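K.L.:
One structure follows; several queries about it will come next.
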Amino acid sequence: MSGATTTASRVLPPLGPTRELKLPKQAERRLGNGLTVIAVRRPAVPLVELRLGMPFGRVHPARAAMLAQTLLSGTTTLTGVQIAAELQKVGGGLSAGVDPDRLMLSGAGLVTGLDRMLELLAGVLTSAAYPADEVATERDRLVDRIQLAQCQPGHLARTALLKRIYGRHPYAVQTPTPDQVRAVRPSVLRKLHDERVHPTDAVLVLVGDVQPERALDAAEQALGGWNGAGQVVGLPATPPLEPGPLLLVDRPGSVQSSLRMALPAVPRTDPDHAALQLANLIFGGYFSSRWVENIREDKGYTYGPHSLVEHSAAGSVLLAAAEVATDVTGAALLETQYELGRLACVAPGAEELEQARQYALGTLQLGISTQAGLAALTSAYAGSGLRLDFLAEHAARLAKATVADVADAATQYLAPARAVTVVLGDAQRVAGQLGTLAEVVTEPAVP
Amino acid sequence: MRQRGRVRVERVSTTRRATIPATRYPVERLTLDNGLRVVLTPDRSAPVIGVAVVYDVGIRSEPEGRTGFAHLFEHLMFQGSENLEKLAHFRHVQGAGGTFNGSTHLDYTDYYETLPGNALERALFLEADRMRGPRLTEENLRNQVDVVKEEIRVNVLNRPYGGFPWLTLPPVLFDTFPNAHDGYGSFADLESATVADAADFFQHYYASGNAVLAVSGDIDVAEAVELVERHFGDVPARPAPVLPRFAEPDLAAERRVSYTDRLAPLPAVASAWRVPDPIGDFAGYLPYAVLAEVLTDGDAARLVERLVQRDRSVTSVGGYLGFMGDPFDVRDPTALLLQAHLPPDGDVDKVLQTMDEELDRLATDGLADGELARTQARMATHLLRDTDAVLGRALRMAVLEQQRGEPGLLNELPRLVGEVTEESVRAAAATLRPQRRATIEVLAGAEQ
């Protein structure tokens, strides 16, 4: 070692008194057309963040992706380039994205341009034109992007895992094929827009350097006339996980294996959720977890293993992911199963729980310390029918969870016997290793 | 002290434009007796803090035969230190409710934490402890070589366009080892690294006089100064090494290289042109930052409109300053980059030719009415948004202090960007000639 001095050892300073979790000022209004607007004040920088989420379940993935790709391509009065330029004038920008639950419009701009951004947003929502030329261009771009995704191991592994865990549920396929995209015509997008891009059950979140009531007024002024007609479509609950043979997806020549495991989980509002979150942290949900300390810091099998609880409208699932060296794929699976099993069978230590608890509570504070963080959390909560106040409730549950609660949650949700396991890698080199630990079914990578 | 934290700066202009606002984060600077420079920037809008320590050593300083060493050494700084066992750093930060990381750049290496405000002293203790000395052991070194190899496999070897263009374009634009080599490192170099190499590297570069500490967020300045003195005051004084010059002459003729990426489904291309010294000639450099955005930021930007929408000759196009996308924390020599992904039958020559045409048109005809102002307004939003995160302020200010002695420049950037003139953007565009261009082309090698 170098640079050392010979002084007596120093003692880690204690933490100061915990600073109370303070929620920012907020206001909410439901407009006559069914749109809910939530405004949150954080004046730190003179900007405003915008998130508009609309329920978008059961839309065919190709149509959903194409609608998001072309929603901003022009209205009856402005071209796509004009929309972008007008937004830029007030330091703004908008982008659209979809997942199996929601269509989401996101953006940020100078707060002085809030009214203009909302006006342009309203124009897109009420009179998006899906011009044939732009749709054709964006169709090709989307096809290219899908082809690129199909060369990414992470995407291929997730695709295989979703298919395996969701079976016939709409969540099973989330990326369309190029051919499906090529078949989407402008008329289909216009019809889809008429049916599904409407304010009923949509939530607009505005966060920034603006008084909440003033933001609500601005939103009402711009979006009050957005037509409320349209369908509301529900999603069936996700099916329970069915553990079975390990699915090995062959990617010849892969220099790493993508290890994925799915385990059961519960929604944010479930009484078990806080304990499950803590159990997940102890297992693999943060750097100081057993899994990371084992397969990265002790054994060097991987760079960044991680596990998290993913919440969707129709159900929640715990996902664990690691990219591991090909030669140690079996060994990495062994350690993963061991760490899951150890937590499921043996209660964690009090100190270990306390560390995870502090992390969970501290990162809640960090998460709401920026405009963008507040916007993301408010919008995600709203998607589950929750409001920012839930943060305080969740913090209280995290603070209360006992070792026994967390041990119970681990037994119920983290047991390796309940896991669905998918590995994407070079089957010739890893099938034998994996076969020592589990029954293995191999199939080729299908984009 | 409670800071509102910003003022509006009114601008006078002949075209309609959004007023470019500014922040007014306060800045306190001090230097300890051991040479450690300290920047404090209080902001009590949220009960969180950012702590960053930046060492003035990066990829460009690693020795020949030791590619990737600066990054490998960054990993070793997390493996325990004078009073901390392996894993202790992670546990102490996260057990205080915080997050941490480090990253290696061309000219510096940073280490940082974001934490609830009650963990300030703990964070200072942790950073001071490893500034005194990391635990450099054979076991930790071998473990982290393995981890770094997996990092390289994830980010470069096992994915399409890995290292494009940040690792593949510098060797085309530059000739000398510091500027041209692979900063992630070859496996052979990584495997041959020794504990003695690491000890030397620490001794030479990780000196108190070669570091900047920045603390941002919910702090009281007087209390923070006292805590900084308490924990860093007795870090042994070592002077900064002489800052090397990495200057190289500009290209005299166009350079172009291509390679096949066996995982890439579609062709891609990136070009780089040298730009003025970001520090020695900041006024000459800023117009290039604006130019990159005029060309590529959003659907109304010139190259996006032309190449993506009109010609459909590319799928996406991007432009930025610095190989690591770091316009304001890199030293000379650096570059403006334009990169594009092409459709399956894409023609790289045609794309490059169109880019030349658009640069010509910009240099000759100038900008459209309002084009510059809207680009500057959007840039202001991006800059302000980055500073909203408490850690963003600590990191940026630490590097601005280290490279320029001017952490308060962070407050000025939106305004300075807003003052860049049309004339200077046109002049910048006029320098991006084909004969000064280095180009790397990716040939698609994946089966369709």
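The values are calculated or read from the model by the stated rules, or taken from the named source; none is laboratory data. Note that the coordinates shown come from a computational prediction; the quantities given were computed from them, not determined experimentally. No Cβ is skipped: glycine too gets one built from the backbone with ideal geometry, and neighbour counts run over all protein chains shown. What goes into the accessible areas is simple: the full protein's heavy atoms, side chains included, and nothing from ligands, DNA or RNA. Shrake-Rupley method; radii C 1.70, N 1.55, O 1.52, S 1.80 Å.
K.L.:
For the range A:327-366: of the residues being in contact with a strand residue (DSSP E or B) (Cβ under 8 Å, 6 or more places away or on another chain) and without any contact (Cβ under 8 Å) to a residue 24 or more places away in the chain, which is least open to solvent (accessible area, probe 1.4 Å)?
P.N.:
That would be A:Gly362.
K.L.:
Sticking with this structure for a sec: Any residue that is over 20 Å from the mean Cα position of the chain (by Cα), more than 9 Å from chain B (Cβ to nearest Cβ) and not polar (S, T, N, Q) - is there at least one of those in the range A:377-390?
P.N.:
So far as the range A:377-390 goes, yes, one or more of its residues are over 20 Å from the mean Cα position of the chain (by Cα), more than 9 Å from chain B (Cβ to nearest Cβ) and not polar (S, T, N, Q).
K.L.:
Confirm whether A:Glu297 is in the same structural domain as A:Asp327 (by TED's automatic domain parsing), acidic (Asp, Glu), under 22 Å from A:Ala415 (Cα atoms) and not in a strand (DSSP E or B).
P.N.:
For A:Glu297, the condition - in the same structural domain as A:Asp327 (by TED's automatic domain parsing), acidic (Asp, Glu), under 22 Å from A:Ala415 (Cα atoms) and not in a strand (DSSP E or B) - is not met.
K.L.:
Follow-up. Looking at this structure, is A:Lys25 at pLDDT 95 or above, surrounded by fewer than 20 Cβ atoms within 10 Å (Cβ to Cβ) and out of contact with any His (no Cβ under 6 Å at 6 or more places or on another chain)?
P.N.:
yes
K.L.:
Next up: How many of the residues in the range B:196-232 are under 22 Å from B:Val57 (Cα atoms) and surrounded by fewer than 15 Cβ atoms within 10 Å (Cβ to Cβ)?
P.N.:
Qualifying residue count, the range B:196-232: 4.
K.L.:
Could you tell me how many of the residues in the range A:247-261 are more than 10 Å from chain B (Cβ to nearest Cβ) and either within 12 Å of A:Gln428 (Cα to Cα) or free of Cβ contacts under 8 Å to residues at least 24 places away in the same chain (or both)?
P.N.:
So the answer is 4.
K.L.:
Determine whether the range B:438-447 contains at least one residue that is touching a Cys at 6+ places or on another chain (Cβ under 8 Å), open to solvent by less than 40 Å² (accessible area, probe 1.4 Å) and either at pLDDT below 95 or not small (Gly, Ala, Ser) (or both).
P.N.:
Yes, because at least one residue in the range B:438-447 is touching a Cys at 6+ places or on another chain (Cβ under 8 Å), open to solvent by less than 40 Å² (accessible area, probe 1.4 Å) and either at pLDDT below 95 or not small (Gly, Ala, Ser) (or both).
K.L.:
So B:Glu441 fits all but one of (1) outside any helix (DSSP H, G or I); (2) of a type in the set (D, E, K, R); (3) without any contact (Cβ under 8 Å) to a residue 24 or more places away in the chain; (4) touching a strand residue (DSSP E or B) at 6+ places or on another chain (Cβ under 7 Å); what number is the exception?
P.N.:
(3)
K.L.:
Any residue in the range B:224-241 that is in contact (Cβ under 8 Å) with a residue 60 or more places away in the chain, in a helix (DSSP H, G or I) and among the acidic types (Asp, Glu)?
P.N.:
yes
K.L.:
Condition (residue is surrounded by fewer than 20 Cβ atoms within 10 Å (Cβ to Cβ), of a type outside the set (A, V, I, L, M, F, W, C) and under 30 Å from B:Leu263 (Cα atoms)) applied to the range A:208-222: is it met by at least one residue?
P.N.:
No: the range A:208-222 contains no residue that is surrounded by fewer than 20 Cβ atoms within 10 Å (Cβ to Cβ), of a type outside the set (A, V, I, L, M, F, W, C) and under 30 Å from B:Leu263 (Cα atoms).
K.L.:
Okay, next question. When residues of the range A:100-116 are filtered for being of a type outside the set (D, E, K, R), assigned to a helix (DSSP H, G or I) and more than 11 Å from chain B (Cβ to nearest Cβ), how many remain?
P.N.:
Of the residues in that region, 1 qualify.
K.L.:
Here's a follow-up. Output the residue which, of all residues in the range B:374-411 that are facing another protein chain (nearest Cβ under 7 Å) and not β-branched (Val, Ile, Thr), is surrounded by the fewest Cβ atoms within 10 Å (Cβ to Cβ).
P.N.:
Once the filter is applied, the top-ranked residue is B:Arg385.
K.L.:
Still on this structure: Determine, yes or no, whether B:His92 is at pLDDT 95 or above and within 30 Å of A:Leu278 (Cβ to Cβ).
P.N.:
Judged against the criteria, B:His92 is a match.
K.L.:
Sticking with this structure for a sec: I need the helices (runs of 4 or more DSSP H) fully contained in the range B:131-183, keeping only those with at least 3 residues that are within 12 Å of chain A (Cβ to nearest Cβ).
P.N.:
Values: elements: B:138-152, B:170-173, B:177-180.
Hits in the range B:131-183: B:138-152.
K.L.:
Taking the residues in the range A:123-136 that are among the hydroxyl-bearing types (Ser, Thr, Tyr) and touching a residue at least 60 places away in the same chain (Cβ under 8 Å) as candidates, determine which candidate is farthest from the other protein chains (Cβ to nearest Cβ).
P.N.:
By that ranking, first place goes to A:Thr126.
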